[in-house]
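Inspection log for the structure reproduced underneath, given as structure tokens.
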Amino acid sequence: MASTDITVSGLSRVGAENAEYLISKIRTIPGFPKEGILFRDFMPVLADARAFGVLLDALEAALPVNRHDFDVVAGLEARGFLFGPALAARLGKGFIAVRKAGKLPPDTVSQNYDLEYGQAAVEIETSAVHEGERVLIVDDLIATGGTANAASTLIEKCGGKVAGFSFVMELTGIDGMKSLQGYPASSLITMPA
């Protein structure tokens with residue numbers, strides 16, 4: 001099913017033709033994982049060389065801060081792992097994996113966060129972030145901001161500084177961007193929750 005309710009925001013920086021092409025690759029699947037939910041699947045973007053290139057161009061063009069204002073990119077599991085390292089390499093930066101709980105060896109820092117149906121946790125290795133290191137946090141989607149805020153807390157617990165947030169998709173009507181404590185943030189496209 002094609003997505004017709006997607007609004008271009010930061011994606012406009014790569015031109016209308018490229019923006020439309022990338023959006024054409026995002027699938028909307030109604031009723032998944034449960035009735036009343038519209039699942040936004042951007043995996044077809046990654047399977048298409050042109051669309052993936054447009055995605056990386058757009059993420060770079062829409063950075064919420066200057067590329068010289070952060071030292072490393074942190075990607076949130078799982079889809080932040082798919083384009084986060086590519087963006088980091090393109091920018092000449094390292095990459096930090098923010099994992100779901102229980103996926104890393106024992107020396108980790110953990111942060112719980114609320115979900116609409118319970119709680120979850122994310123972790124990073126205790127040595128992943130260096131004191132004073134400036135970190136750009138990336139993920140595919142921001143909804144409530146719970147995971148993004150948990151990641152920022154982890155970065156700060158380890159002595160790092162959050163430089164900003166970069167998202168591919170933003171669900172509107174949930175106020176996830178407003179929950180980011182005033183940090184600079186960008187998204188490429190918006191759509192209703």
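Do we find that Leu104 is at pLDDT below 90, part of a loop (DSSP other than H, G, I, E, B) and of a type in the set (A, V, I, L, M) in this structure?
Details: at pLDDT below 90: yes; part of a loop (DSSP other than H, G, I, E, B): yes; of a type in the set (A, V, I, L, M): yes.
It is true that Leu104 is at pLDDT below 90, part of a loop (DSSP other than H, G, I, E, B) and of a type in the set (A, V, I, L, M).
Given the conditions (1) under 22 Å from Tyr183 (Cα atoms); (2) surrounded by fewer than 16 Cβ atoms within 10 Å (Cβ to Cβ), and given that Ile37 satisfies all but one, which numbered condition is not satisfied?
For Ile37, the exception is condition (1).
Looking at region 19-35, I want the residues that are assigned to a loop (DSSP other than H, G, I, E, B) and have a partner that is open to solvent by 60 Å² or more (accessible area, probe 1.4 Å) and among the aliphatic types (A, V, I, L, M) with Cβ atoms under 7 Å, at least 6 apart or on another chain. Which pairs are those?
Between residues of region 19-35 that are assigned to a loop (DSSP other than H, G, I, E, B) and residues that are open to solvent by 60 Å² or more (accessible area, probe 1.4 Å) and among the aliphatic types (A, V, I, L, M), the close pairs are Gly31/Ile37.
So Ile142 ticks every box in (1) in contact with an Asp or Glu (Cβ under 8 Å, 6 or more places away or on another chain); (2) of a type in the set (A, V, I, L, M); (3) modelled with pLDDT of 95 or more but one. Which box is left unticked?
Failing condition for Ile142: (3).
What are the residues in region 8-59 that are out of contact with any strand residue (DSSP E or B) (no Cβ under 7 Å at 6 or more places or on another chain), over 22 Å from Leu87 (Cβ atoms) and among the hydrophobic types (A, V, I, L, M, F, W, C), if any?
Listed by number, the residues that qualify are Ala16, Ile37.
Going through region 65-83 one residue at a time, which ones are touching a residue at least 40 places away in the same chain (Cβ under 8 Å) and over 12 Å from the mean Cα position of the chain (by Cα)?
Val65, Asp69, Phe70, Asp71, Val72
The values are calculated or read from the model by the stated rules, or taken from the named source; none is laboratory data. Treat the numbers as computed from the prediction; the structure is a model and nothing was measured. Backbone-built Cβ (ideal geometry, glycine too); neighbour counts: all protein chains shown. These area figures cover heavy atoms from the full protein model, side chains too; ligands, DNA and RNA do not enter into them. Shrake-Rupley method; radii C 1.70, N 1.55, O 1.52, S 1.80 Å.
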